[in-house]
Structure formats: structure tokens, C-alpha cells
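Have a look at the structure below before the remarks.
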Amino acid sequence: MGLKTLVILAGFALREVLRKKVLVAGGILTGAFVLLFGIGLHFIKGQIHGTPFEQLVGVQFFSMGLYVTTFLIVVIAAFAGVSVVSGEIETGTAYGLLANPVSRSRILLGKYLGYALLLGLYDAVVLLAIWGVTVWQLGASVPGVVQVLPLLLLETLVMLALSFLGSVLFSSLANGITVFLLYGVALLGGLVEQVGALAGGFSETTVNVLMNVGIITSLILPVDALYRRSIYLISSETGAVGNILQNLGPFGSLSAPSVWMVVYAAGYILVCMAAATYLFSRKDI
């Protein structure tokens with residue numbers, strides 16, 4: 001009965017997120033991004049065709065496309081769930097929903113499952129699109145895509161869980177601002193950590209501070225660390241090309257997170273959702 005209820009609620013959540021048109025707007029913008037990405041690669045192909053740099057450029061541009069893809073999926077996941085509880089309360093629809101003989105925790109988990117299924121499908125489509133365009137236009141072999149997809153899904157689930165928790169605690173506007181600012185902090189921390197790893201001329205103290213800033217921000221929100229892990233997995237599959245890839249500056253992964261960061265991200269989701277269901281079940285509505 002519990003599982004059946006969750007599936008039914010997930011179905012309602014699927015229709016809810018489609019009704020919000022977040023994915024429609026995101027899909028249109030993502031389509032525009034993939035189109036521009038493909039046009040850019042088409043003209044670059046004419047400049048490097050027949051040179052020894054085809055493979056290197058192909059992997060580099062795929063990594064840059066992955067960076068933008070990560071940004072898109074994180075933002076869409078954050079804003080899809082930003083009003084999942086607060087929006088229901090603000091519009092008054094929560095009273096009708098909570099009148100049903102279903103526990104609040106199941107309502108929240110059902111919504112999370114529905115949102116996660118739809119956004120997971122979006123992640124897979126976008127990743128395959130930029131991989132396919134790169135292979136088609138540049139003829140480059142881009143390994144590691146199978147390993148990257150679970151990390152992209154994990155990033156989505158992290159942002160979704162955080163926005164669900166924020167939706168229980170704050171209004172929709174306050175939650176959107178908070179989640180987006182936290183992502184900005186994580187993004188900046190990741191860049192600072194890479195600068196620390198690249199800075200050969202800095203003092204040891206400065207390097208340690210820069211590296212620690214990145215580690216702390218990764219613990220606050222581990223989405224950028226998961227992107228760095230993705231780049232590390234791709235670069236480890238490409239030999240000498242991978243060494244160059246890891247030195248892509250702030251967009252590379254010279255300071256690669258370990259597999260424990262993946263474990264931490266999974267625990268992060270569980271803690272956020274446990275806190276969200278606990279607080280929602282006790283929220284005075």
C-alpha cells in the first residue's frame with residue numbers, strides 16, 4: 001500500500017511539474033544551447049580536420065559542454081522544487097491536498113519521486129545530446145559518458161532535495177534566492193579550489209587556504225564537486241589527452257574529489273529529505 005501510494009503521488013507530481021512548464025522553458029533553452037553548441041563545433045571542425053588535435057579538441061569541448069549542462073540541470077532542478085510546499089500553502093491548494101488520508105511524509109516523498117523521474121530523463125537526454133553532437137561533428141571518441149550520467153543524476157537529486165527542504169522552511173521567493181546563492185557559493189568555491197591546485201607560485205599557506213575553501217563549499221553543497229568528479233572520470237579514460245584536460249584551468253579537475261564525495265552527496269540527499277519530511281509533518285498549516 002505504501003509503495004502504491006508513492007507511485008500514485010509520483011504520477012500526480014509528474015503532471016504538476018509539467019503544468020508548471022519549468023521543463024518546457026528549460027527544454028527550449030536547452031535545445032537552443034545544443035543547437036549553438038553544434039554550430040560552434042561545425043565551424044571548429046573545419047579548422048582542425050586532419051590535424052593531430054581532433055581528439056584533444058573534441059574531449060575539451062565536450063567537457064565545456066558538460067559544464068554548461070551541469071549549470072542547466074542544477075538550475076532547473078532547483079527551481080522545479082522551489083515552491084513544492086510553500087507554493088501549495090501560498091495558493092491554498094495545500095488544504096485540499098492534506099485533507100486526503102495520506103501522511104504528509106508520503107506526499108512529500110511522492111512528489112520527490114515524480115520530480116526526480118522527470119528530471120532524470122531530462123539529464124539523460126541532454127547528456128546524450130551534447131555527446132552525440134561532439135562525436136558527430138568532431139569525430140572524437142569521448143569515453144566515460146556512462147560513468148558521468150549517474151553523477152549528473154546525483155547532482156539533480158541533491159539540488160532537488162535541498163529545494164524541497166527549503167520549500168518547507170521558507171517562502172517560494174526566499175527559497176529560490178537561498179538555493180541559487182548556495183549554488184553560486186559552491187560554484188565559486190570549486191573555481192577557487194582549482195586555482196589553488198594550479199597555483200604553483202603561491203605560498204603553501206595560500207594554496208592550503210584556497211584548497212580548504214573549495215572543500216568546505218563542497219560540503220555545504222556538493223554539486224560542483226560532482227562535476228569535477230565527472231571531468232576526472234573522463235580524463236582518466238583518455239590517457240595523455242586526459243592530462244591536458246585536467247589542466248583546463250578553473251573548468252578542469254586538477255583537484256579531483258574522491259569517491260567519498262559521491263557517498264557524501266548520497267547522504268546529503270537522505271539528510272535533506274529526512275529533515276524536509278520531519279519538518280513538513282510538524283508544520284502548522
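Things worth noting here:
- Computed over protein heavy atoms with a 1.4 Å probe, the carbon and sulfur contribution to the accessible area of the chain reaches 73%.
- Note on LYS4: lysines with a C-alpha under 18 Å away, same-chain residues under 8 apart excluded, are LYS111.
- The modelled label-to-label distance between ALA275 and ALA32, using points 7 Å beyond Cα along the C-beta direction, is 3.5 nm.
- Across GLY58, GLY11, GLY40, mean-square fluctuation computed from a Gaussian network of the chain (C-alpha pairs under 10 Å connected) peaks at GLY40.
- Shape category assigned to region 136-238 from the gyration tensor of Cα positions, a/c cut at 1.5: oblate
- Å² per residue, accessible surface of region 84-209 at 1.4 Å: 43 Å²
- Matching label, semi-axes √(5λ) of the Cα gyration tensor in Å computed from the structure shown, candidates (i) 37, 23, 15; (ii) 39, 28, 17; (iii) 36, 19, 16: (i)
- Percent RCO, i.e. relative contact order, over the chain, from Cα pairs under 8 Å lying at least 6 residues apart: 24 percent
- Only Cα pairs under 8 Å and 6+ residues apart enter the sum, and on that basis the relative contact order of region 121-232 stands at 28 percent.
- Global size of region 1-88: 19.3, 61 Å for Rg and Dmax (C-alpha atoms, Rg to one decimal, Dmax whole).
- In region 48-187, the inverse of the mean reciprocal separation of distinct Cα atoms equals 16.9 Å; this is its Kirkwood hydrodynamic radius.
- Debye log10 I(q)/I(0) at q = 0.13, 0.16, 0.22 Å⁻¹ for region 52-97, Cα point scatterers: -0.51, -0.59, -0.76
- Percent of Cα pairs in region 76-138 per distance bin of 10 Å, from zero to the largest separation: 18, 36, 23, 13, 8, 2.
- Each label was represented as a point 7 Å from its Cα along the Cα-to-Cβ direction; for LEU3 and PHE71 these points are 4.2 nm apart.
The values are calculated or read from the model by the stated rules, or taken from the named source; none is laboratory data. This one's a predicted model, so the numbers in the text were calculated from it and none came from an experiment. Neighbour counts are summed over all protein chains in view; Cβ atoms, including those assigned to glycine, are modelled from backbone coordinates with ideal geometry. All accessible areas refer to the heavy atoms of the entire protein, side chains included, with ligands and DNA or RNA removed. Shrake-Rupley method; radii C 1.70, N 1.55, O 1.52, S 1.80 Å.
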